[in-house]
Amino acid sequence: MEEKIMAILNDICGADEGELEPDFDLFEEGILDSFGVISLFVEIEKQLGVKFEPTEVTRDEIKSPALIIEQVLRRA
Amino acid sequence: MIPYDGLLFFYIMALFLVPAVVLGLTNRSLKRYGLLFTVVMAFVVFNTWEKRAVLLAFYLWETALVLAYLRIRKKNESRPLLWLFVLLAAVPLIITKLGGIIPTFNFLHLLGVSYMTFRAVQVLIETYDGLITEVKLFDFSYFLLFFPSIGSGPIDRYRRFNDDLKETPGRDKYIELLKTGIWKLMWGALFNFVLSSLIYSAWLAPLPDSGFLPTVSYMYGYTFFLFFNFAGYSLMAIGTSYILGVNTPENFNMPFLSRDMKDFWSRWHISLSTWMRDYVYTRYVAAALKGEWYKERRTASYIGYVITMITMGLWHGLSLRYIVYGIYHGILMCINDVLDTRWKRFRKLKRENLPSVLLVFITFHLFSFGLLIFSGRLF
């Protein structure tokens, strides 16, 4: 599951495998923006069946790869 | 009477804030008094029976819609039904805006209709999302009518607001809130009554009505005027909220330091731009991506930006200048996005010293020109 989430994230951010550190601040670094967040939610729902409503989590709750994984696993 | 305008207003508000301060300092909940404060202040500001009747009718209409939708949503997940309720909730706002251009519709005058509508619509949408499953009449009434930010925001969110209501701050935390609140009120007053008034009377008012150089000067002057005026109002609204134990969100964060337009919208009228992002842009883009409407995924985002910015423009009023203002910002956001995604150096430039200074300069002029369109001086 974690690998799948990372694969989706890498795909959306245009990053290579292992490039995104777990605690990287994706918003601060300008890697993830509003469009990135929506794409991420849509892909996670499509591929993993885990649904996020647009305002369900704040940016602070999904700002790093580690936090994103945690949020998805909590709902899976 | 207009909120945050004139000594009499501040005198009356200060008087009615005293009980809130006493409650806060004695470890008691501010929630019930907060609603009473809101009702009393609304009674004072809506100073004719006609205005009060319109406010009451608006309140009943929005409350009935929200409570009805909450019941219906439990059985019916239809999206068109949500849009119907959103449209119905926006009817008073639409009539008000139409009244600005068509005399037949010019009968509804309600201070705060724009901001209160945002509050109600937000509750409807999050009810549809399943994030709001219960609405207490007291909590919703307080949220919908919350006086400090009724006239010009910031736009709060129901769940966040409600979390504040559940909590009694306690003496120590309240002292902090009170200090910050008073401090923000003072800053807001300085921004609004001193700086923005000064810019208006010494800079904008003496300028001739036409001519290239006066218009350029007007563009700069109006940008600073609007910032101090609006940021001042926001600070006063936030300060008053704090005294009532409500952490109304910030609305401005040094917008003159923005390095690009995306950065600008995360610093200017933040509560409006995030509202638009969460309830317009995101919805459209998510639907487009799920439905695979466009070959190129980013196209959804570009169209989303333009739709969102035009909506924002129209919310300000149904005039050509607001529509053009919306289109202008929609296009700027698209260009910004192309630079972000196609030109890898752009991200780096934003972090380097000298280029970032240049970017701040360019961004400042881009949004100043936008405000010149917004001001109505051009057309």
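Structure values in brief
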read-out: Segment B:59-144: trypsin sites (Lys or Arg not before Pro) in DSSP coil with no more than 14 other Cβ atoms inside 10 Å; value: B:LYS74, B:LYS75, B:LYS136
read-out: Tensor-based shape of chain A (alpha-carbon gyration tensor, a/c under 1.5 rounded, otherwise prolate or oblate); value: rounded
read-out: Taking chain B and dividing mean pair separation by its residue count, relative contact order in percent (alpha carbons under 8 Å, at least six apart); value: 16 percent
read-out: When each of B:LYS262/B:LYS290; B:LYS290/B:LYS344; B:LYS31/B:LYS136; A:LYS4/B:LYS262; A:LYS63/B:LYS166 is checked by Cα-Cα distance, pairs over 19 Å; value: B:LYS262/B:LYS290; B:LYS290/B:LYS344; A:LYS4/B:LYS262; A:LYS63/B:LYS166
read-out: Relative counts (whole %) of C-alpha pair distances in segment B:171-243, using bins that are 10 Å wide; value: 22, 36, 22, 13, 6, 1
read-out: Kyte-Doolittle mean at least 1.6, axial Cα span of 27 Å or more - DSSP H helices of chain B; value: B:79-99, B:353-375
read-out: Residues listed by number, segment B:310-333, amide nitrogen under 19 Å from B:TYR200 label point at 7 Å toward C-beta; value: none
read-out: Helix-only mean residue ellipticity at 222 nm for chain A, each DSSP H run of n ≥ 4 adding -39500 (n - 2.57), per residue, nearest 500; value: -15500 deg cm²/dmol
read-out: Computed FRET value (nearest 0.05) for A:LEU73 with B:THR299, which takes r as the C-beta separation and R₀ as 41 Å; value: 0.80
read-out: Distance from segment A:52-67 to segment B:252-327 (C-alpha centre basis), Å; value: 20 Å
read-out: Part-to-part distance (alpha-carbon centres) for segment B:81-133 and segment B:1-42, which is given in Å; value: 27 Å
read-out: Principal axis dimensions, chain B - Cα atoms, whole angstrom, descending; value: 55, 55, 50
read-out: Percentage relative contact order, segment B:8-131, counting C-alpha pairs under 8 Å, at least six apart; value: 23 percent
read-out: Relative contact order %, segment B:283-378, counting alpha carbon pairs below 8 Å whose residues are six or more apart; value: 22 percent
read-out: Computed [θ] at 222 nm, helices only, for chain B once each DSSP H run of length n ≥ 4 contributes -39500 (n - 2.57); value: -22500 deg cm²/dmol
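Throughout, read-outs are computed from the coordinates displayed, never taken from laboratory work. Since this is a predicted model, take the numbers as computed values, not measurements. Neighbour counts are summed over all protein chains in view; Cβ atoms, including those assigned to glycine, are modelled from backbone coordinates with ideal geometry.
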